[in-house]
1. Any chance you could run the full-extension gain for residue 249 through residue 226? It's 0.36 nm times the residue separation minus the Cα-Cα distance, nm to one decimal.
2. Each label point is 7 Å from the Cα along the Cα-to-Cβ direction; what then is the distance between the points at residue 146 and residue 114, in nm?
3. Quote to one decimal, in nm, the extra length available between residue 240 and residue 37 on full extension: 0.36 nm per residue of separation minus the C-alpha distance between them.
4. What FRET efficiency comes out for residue 16 versus residue 262 if R0 is 45 angstrom and r is the Cβ-Cβ distance? Round to the nearest 0.05.
5. Would you please give the FRET efficiency between residue 55 and residue 84, computed as 1/(1 + (r/R0)^6) with r the Cβ-Cβ distance and R0 = 35 Å, to the nearest 0.05?
6. Quick one: which of 27-35, 120-128 comes out on top by average Cβ neighbours within 10 Å, and what's the full order, highest first?
7. With the alpha-carbon atoms as the only input, what is the per residue convex hull volume for region 184-269 in Å³?
């Protein structure tokens with residue numbers, strides 16, 4: 001009974017505090033402020049009035065918490081064998097469709113979003129071809145030289161998809177073109193899930209100490225900043241060039257990544 005309560009307390013801590021909701025909110029707010037400063041775009045003020053949040057924000061928050069609890073973050077109270085990045089990937093991927101179903105104003109060009117999300121899913125599954133597992137401790141300990149090209153190519157594809165998945169491209173839906181932009185709470189809650197998943201997928205697990213925590217969050221912040229810089233460049237180039245990048249460059253590149261995965265899988269058997 002004591003072990004059951006201890007496990008429940010650890011899971012609750014992981015979901016609500018670290019690396020869960022509180023960490024998600026602080027990380028996301030910091031990156032949103034950075035995005036506003038770099039791109040010179042107003043992000044609006046958070047609505048701090050006490051009222052029920054929109055359903056889409058509640059669902060995105062729950063999915064983000066579930067995903068973050070699976071990461072190889074130092075001091076994560078969820079036992080390592082219980083973490084699974086399949087759960088994290090499904091939870092993060094479903095957030096976009098929750099937004100589309102519950103608040104279509106948040107999603108511009110759903111068809112293109114489906115293409116980008118498919119490319120992103122390929123980048124998530126790529127590193128798992130040889131270990132045939134998406135458990136963080138397995139992925140991080142796979143150091144086969146033959147798999148390095150797949151891992152690098154998949155990581156690059158992941159970063160290419162990130163600006164569009166985070167809605168940093170210059171294709172905002174009509175409701176967002178307003179004199180006083182509203183604070184994008186859903187995007188704020190997705191920064192850490194996307195960037196933390198990147199760190200967990202493509203880098204060995206960090207140790208449970210201060211240095212490990214600095215390393216984990218340092219890599220996650222770098223991924224977020226790369227996304228911010230890329231999103232800023234897309235914004236300055238305009239909607240047509242941004243759309244062209246994803247339809248004529250990122251999508252074909254994903255086929256090259258898929259071909260590389262198939263060849264690597266054949267050579268390592």
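Rule-based calculations on the coordinates, nothing more; no lab input. If you're wondering where the values come from, they're calculated on a predicted model, not measured in any experiment. Every residue, glycine as well, gets a Cβ built from its backbone with ideal geometry; the counts of neighbours run over all protein chains shown.
1. Contour length minus the Cα-Cα distance gives 6.5 nm.
2. Distance between label points: 3.6 nm.
3. The span from residue 240 to residue 37 would gain 70.7 nm if fully extended.
4. After rounding to 0.05, the efficiency reads 0.60.
5. E between residue 55 and residue 84, to the nearest 0.05, is 0.85.
6. Put in order of decreasing packing, that is 120-128, 27-35.
7. On the way: hull volume 11.4 nm³, N = 86.
Looking at region 184-269, the number lands at 132 Å³ per residue.
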